[in-house]
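The values are calculated or read from the model by the stated rules, or taken from the named source; none is laboratory data. As the structure is a computational prediction, the values presented were derived from the model and not from experiment. Here the Cβ positions follow ideal geometry from the backbone for every residue, glycine too, while neighbour counts run over all protein chains shown.
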Amino acid sequence: DRRLNCVVNKKRHSPGILSYLRAGCGFGGSCLPKDVTALQAFGRNKGVKPNLLEAVLSVNRSRPAALISMAESALGDLKDKTVAVLGLAFKPGTDDLRDSPALALIDLLHKKNAIVRGYDPFISKLAHNGTHVPVCKSPGEALCGADAAVIASGLPELAEWDWNTLAREMRHPVVIDGRSALRRVHLPPSVQYIRIGQPSA
């Protein structure tokens, strides 16, 4: 593949597929999880052990738990801690919750007896697994008094928020970035910023 050789030889060319290859808290939606599972079944039916596809699904399932571990490293026991999940839809700019990593994250937070609230500009209410999850109308409402914020979807607006003000509103200004959405944002020194693939600041 000429494009791959260009990358290997450090020439200035970026295959389009690279835009998908980012560390994060998992993929969701109605298509990709289903398609990977279907391709896995197809391979098995043909007598092929789909090791790579099994690894893809296994790693994807583990991503929300990785964010929980980061939260516990920063806060200790999550019982009665208030956690704001920022970005609920599997894809920014939609209200599509199908197979969203945010839902798996919320489930794990509830199992840890955390107090969960959400924010997504395209979602106004959320009931999941028989539990009502408060959905806040603004970033300030979501983060006021929160012990941590966990970014589950790469909302473009995140980079435009006034993090100096928001950090002062939080009980503990811990931001766990599951999408590297704030990697280029200058956050105030008070914020403990943690993202997948990088040590905490």
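Looking at the structure I just gave you, is A152 among the small types (G, A, S) and modelled with pLDDT of 95 or more? Against the criterion (among the small types (G, A, S) and modelled with pLDDT of 95 or more), A152 qualifies.
Looking across the stretch 55-79, the residues that are surrounded by fewer than 18 Cβ atoms within 10 Å (Cβ to Cβ), at pLDDT below 95 and either of a type in the set (D, E, K, R) or touching a Ser or Thr at 6+ places or on another chain (Cβ under 8 Å) (or both) come down to L57, R61.
Suppose we keep only residues that are hydrophobic (A, V, I, L, M, F, W, C) and touching a strand residue (DSSP E or B) at 6+ places or on another chain (Cβ under 9 Å) within the stretch 120-143. Which one would you say is modelled with the lowest pLDDT? Please lay out each step first, then the result.
Pass one, the stretch 120-143, residues hydrophobic (A, V, I, L, M, F, W, C): 122-123, 126-127, 133, 135-136, 142-143.
Within this subset, residues satisfying the condition of being touching a strand residue (DSSP E or B) at 6+ places or on another chain (Cβ under 9 Å) are 123, 126-127, 133, 135-136, 142-143.
Details: I123: 96, L126: 91, A127: 81, V133: 93, V135: 97, C136: 98, A142: 98, L143: 99.
Looking at residues that are hydrophobic (A, V, I, L, M, F, W, C) and touching a strand residue (DSSP E or B) at 6+ places or on another chain (Cβ under 9 Å), I get A127.
Considering (1) under 22 Å from S180 (Cβ atoms); (2) at pLDDT 90 or above; (3) out of contact with any Ser or Thr (no Cβ under 6 Å at 6 or more places or on another chain), the lone condition that G28 does not fulfil carries the number (3). Residues of the stretch 17-75 that are part of a helix (DSSP H, G or I) and among the basic types (K, R): K34, R44, R61, R63. Which ones in the stretch 150-194 are assigned to a strand (DSSP E or B), in contact (Cβ under 8 Å) with a residue 24 or more places away in the chain and farther than 17 Å from P92 by Cα? Within the stretch 150-194, V174, V175, I176, Q192, I194 meet the criteria.
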